[in-house]
Structures are given as structure tokens and as C-alpha cells.
Amino acid sequence: MTPLSHYLILGAVLFVIGMFGVLTRRNSIGILISIEIMLGAVNLNLVAFSRFVETSTLNGQVFAVFVMTVAAGEAAVGLALILALYRSVRAVFADKFNILKW
Amino acid sequence: MGLSGLVNASLVFKLVGLVAVVFAVMAVTLKNVFHCALALAAMFFALSGVFIFLDADFLAVVQILIYVGAIVILIIFAVVLTERITSEAIRQTNHLLIPGLLLCASLLGGFVYVIDAARLPAESTPAQAETIRIVGRQLLSTQAEAFEVASVLLLAALVGAVFLGKEITKK
């Protein structure tokens, strides 16, 4: 059986990769992709803890279901926002989105 | 239970984890956003393989259904609808490349240090055989309020996405 620390380290690596994408991408769709990677990494941690710490109630897995729900809603609203912005600004790059400034 | 009885389960886990990491790096660094979306789908396939290692069979299937079946398709739709911009020639990263790399590397170092120092529980409890029944019970009994809130949240997201996606005509 693979020890818990291996799962946690895999989750940490995926989370850091997603964070790097959020920090460095210009394309806002790319930023959304990176956020999905981060949410997936968090899910991995939740499921790993639910397997190793508390298996009778599977609370971690139930929580992961909620994380997926929120991720789906976030993706839908985020992409709708990007499309609405694309219609007015004609760009998907985050540094072009400055129409809220004065 | 399941895969843990196999001789090389640990090796297979490392392989699947490596695939997930490689596809995650591709999804973050590739220039073409369409390729990024495809790499994201592959990453979630590998991640659901890891879920199977954790005896979370229901969640592995849900992962593929929601992420690969819905979210990646949605992202691909957004990429296609904003096509003209995603050519290879345009710079895809901002000026934070080096600081971001340093920050993420130090964060990863901190994570690994904490995970290494923590006294994590060894595997002692047996896995649940029927996760889907327990998860369903939890959703409709203990977590019923959160379940209802999640349904309202999804409805709000649906309405909001339709409103935002609609062409706004100025009077």
C-alpha cells in the first residue's frame, strides 16, 4: 500500500503547478485551466485523508463532491465572463482587462 | 482491497502520478490553449486513476464525468469562440515568470517539509467496499443542508452564465 505521504506530495506538486499557471499565464482561459488543476489537487488531498484517517463515514469524499460542484459552477460562470469580456474588449488576455478602471 | 494486493501497486501509482504531473505541466506551459485543454483532460484521467488507488471508485467516475465530460468541453467551447487570439506568436506569459517560479518552488519546499515532518497515520482501517452507498447516505442525511445549498448554487451559476453569455443590446 502506498503511504499517505506520497499522495499528499503528489497533491502538493499538482497544486504548485496550478499556482504557477495562475501567476504566470496571460490568457484568462489558461488561468481558469490552472485553477481547475489546483482544485483537482485539493480533491486528491481530501480523498487521500478520507481513505487513511476516517473510512467509516467517507466525509472526505463527500466534501470532494461539493468541491467538484463548485468547480463546475465556477467554470461555467468564469467562461461566460471571459466570453462577455471578449465581446467588448476583443481580447482574452488578463492584462487587457482594464475596463473597470476609471 | 483491490489494487493494493498487487505486487507492483506502488510502481503503478508512481507511474500514474508521473503522468498526472507531466500533463499538468503541459496544461500550464503549452502555448496553444486548445492543447492546454486537452492536456487538462488527460491530467484528470490520470487523477481519476489515483482515486481508484484510494478505493474511491465513485469519485473516480464522477471526476471523469464532470471534469472531462463537462468542464473541459466548456473550456474548449470558450477557446473556439475566442479563436483568433490564440495564435502561437503572441506571448503567453507575463513578466512574473521568474518570481512565480521562485515562489512556487519555495511553497513546494514548505509543503514537502510539512508533509515530511507531520506524523501521518499509517494505513490501518480497511477500505469501504461500497463507497457509493455511503456517499449517497451522507449527502441526503448528514450533509443534506450543504446538498441543498449546492443545488441553489448551481442554479445561480446557471442563471448567471446565461445572463452573462447573452448578447446585451444597448437601448
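The numbers here are math on the coordinates, done by the rules we state, and not lab data. It should be emphasised that the depicted structure is a prediction, and the values quoted were computed from it without experimental measurement. For neighbour counting, all protein chains shown are included, and Cβ atoms are generated from backbone atoms with ideal geometry for every residue, glycine included.
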Of the numbered conditions (1) closer than 25 Å to B:ASN94 by Cβ; (2) within 8 Å of chain A (Cβ to nearest Cβ); (3) over 14 Å from the mean Cα position of the chain (by Cα), B:ALA27 satisfies every one except a single condition; which is it?
(3)
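Determine whether B:VAL33 is touching a residue at least 40 places away in the same chain (Cβ under 8 Å), aliphatic (A, V, I, L, M) and buried (at least 17 other Cβ atoms within 10 Å of the Cβ).
Numbers: touching a residue at least 40 places away in the same chain (Cβ under 8 Å): yes; aliphatic (A, V, I, L, M): yes; buried (at least 17 other Cβ atoms within 10 Å of the Cβ): yes.
Yes.
What residue, among those in the stretch A:1-24 that are of a type in the set (Ser, Thr, Tyr) and more than 28 Å from B:VAL33 (Cα to Cα), is surrounded by the most Cβ atoms within 10 Å (Cβ to Cβ)? Before you say what the answer is, go through the steps one by one.
Narrowing the stretch A:1-24 to residues of a type in the set (Ser, Thr, Tyr): A:2, A:5, A:7, A:24.
Filter again for more than 28 Å from B:VAL33 (Cα to Cα), leaving A:2, A:5, A:7.
Details: A:THR2: 21, A:SER5: 15, A:TYR7: 24.
Checked the stretch A:1-24; the qualifying residue surrounded by the most Cβ atoms within 10 Å (Cβ to Cβ) is A:TYR7.
Residues checked against (1) more than 27 Å from B:ALA9 (Cβ to Cβ); (2) more than 7 Å from every other protein chain (Cβ to nearest Cβ); (3) in a helix (DSSP H, G or I):
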| site | (1), (2), (3) |
| --- | --- |
| A:PHE20 | yes, no, yes |
| A:ILE29 | yes, no, yes |
| A:ILE35 | yes, yes, yes |
| A:LEU39 | no, yes, yes |
| A:ARG51 | no, no, yes |
| A:SER56 | no, yes, no |
| A:LEU81 | yes, no, yes |
| A:ASP95 | yes, no, yes |
Of all residues making up the stretch B:92-146, the number that are exposed (fewer than 13 other Cβ atoms within 10 Å of the Cβ), more than 7 Å from chain A (Cβ to nearest Cβ), of a type in the set (Ser, Thr, Tyr) and assigned to a loop (DSSP other than H, G, I, E, B)
2
